[in-house]
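Here the structure comes first, spelled out in structure tokens, and everything after it is commentary.
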Amino acid sequence: MKPISKYTASAAHQMQTEPHDKLPIELITMVFSRMQGKYPHKWKSAYPNPRELKIGMAAWEITLAGLDISDIERGFSQWHGEWPPSDEEFLEACRLAPVLAAHKQYNQLPRPEPKIEVVEGELQKMREAIKGR
């Protein structure tokens with residue numbers, strides 16, 4: 001998630017003054033309250049003061065425009081990251097397809113085959129260490 005301080009003053013002004021479809025303030029307030037409850041320190045550090053909170057809410061209002069309460073609930077149920085999502089990540093989580101918390105999809109590696117001679121050798125070392133006590 002891009003820190004809100006990365007936005008320039010002109011970009012912040014543009015977000016506040018240009019007409020856009022927006023998520024209703026009641027829903028964006030609910031989203032921010034739930035994120036604060038789920039990620040207390042991490043969320044607070046993203047929006048450390050009232051000015052940045054206002055700018056952040058304006059950005060999320062625009063990104064999440066057109067969603068309804070069921071979409072928002074889907075987003076919360078599908079997002080399982082250790083860090084709070086960006087507005088774009090949360091928008092993806094609100095859509096019907098599930099979203100992985102990982103940034104890139106990965107393929108699980110095959111489990112390595114154990115080598116019996118190595119296992120037996122290591123067990124023998126452990127037995128000898130125990131006897132030496």
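We did not get these values from a lab; they are worked out from the coordinates using the rules stated. No experiment lies behind these values; they were computed from the predicted model shown. Cβ: placed from backbone, ideal geometry, glycine included. Neighbour counts: every protein chain shown.
Using a simple spin-label model with points 7 Å from Cα along the Cα→Cβ vector, what separation in nm is obtained for Lys54 and Lys42?
In this crude label model, Lys54 to Lys42 measures out at 2.8 nm.
Determine ³J(HN,Hα), in whole Hz, for all residues of region 82-93 in sequence, where each value follows from phi through the Karplus function 6.51 cos²θ - 1.76 cosθ + 1.60 and θ = phi - 60°; x replaces Gly and Pro.
So the Karplus estimates, Gly and Pro as x, are 6, 10, x, x, 6, 4, 5, 5, 5, 4, 4, 5 Hz.
Pick out, in residue order, every one of the GluC sites (Glu not before Pro) in region 29-133 that is DSSP loop and has at most 15 other C-beta atoms within 10 Å; say none if there are none. Mind showing how you got there, number by number?
On the way: sites: Glu52, Glu61, Glu73, Glu82, Glu88, Glu89, Glu92, Glu117, Glu120, Glu122, Glu128; in loops: Glu82.
Here the sparse-neighbourhood loop sites are Glu82.
What are the ³J(HN,Hα) couplings of region 40-53, residue after residue, when phi is run through the Karplus curve with 6.51, -1.76, 1.60 and θ = phi - 60°? Round to Hz, x for glycine and proline.
So the Karplus estimates, Gly and Pro as x, are x, 6, 5, 5, 4, 6, 6, 10, x, 9, x, 5, 5, 4 Hz.
Compute the FRET efficiency between Arg111 and Lys131 as 1/(1 + (r/R0)^6), taking r as their Cβ-Cβ distance and R0 = 25 Å, and round to the nearest 0.05. Write out the running numbers ahead of the final one.
Working: r = 32 Å, r/R0 = 1.29.
Calculated value: 0.20.
Using a 7 Å offset from the Cα along the Cα-to-Cβ direction at both Glu82 and Ser33, what is the distance between the two label points in nm, to one decimal?
With each label placed 7 Å out from Cα toward Cβ, I get 3.0 nm.
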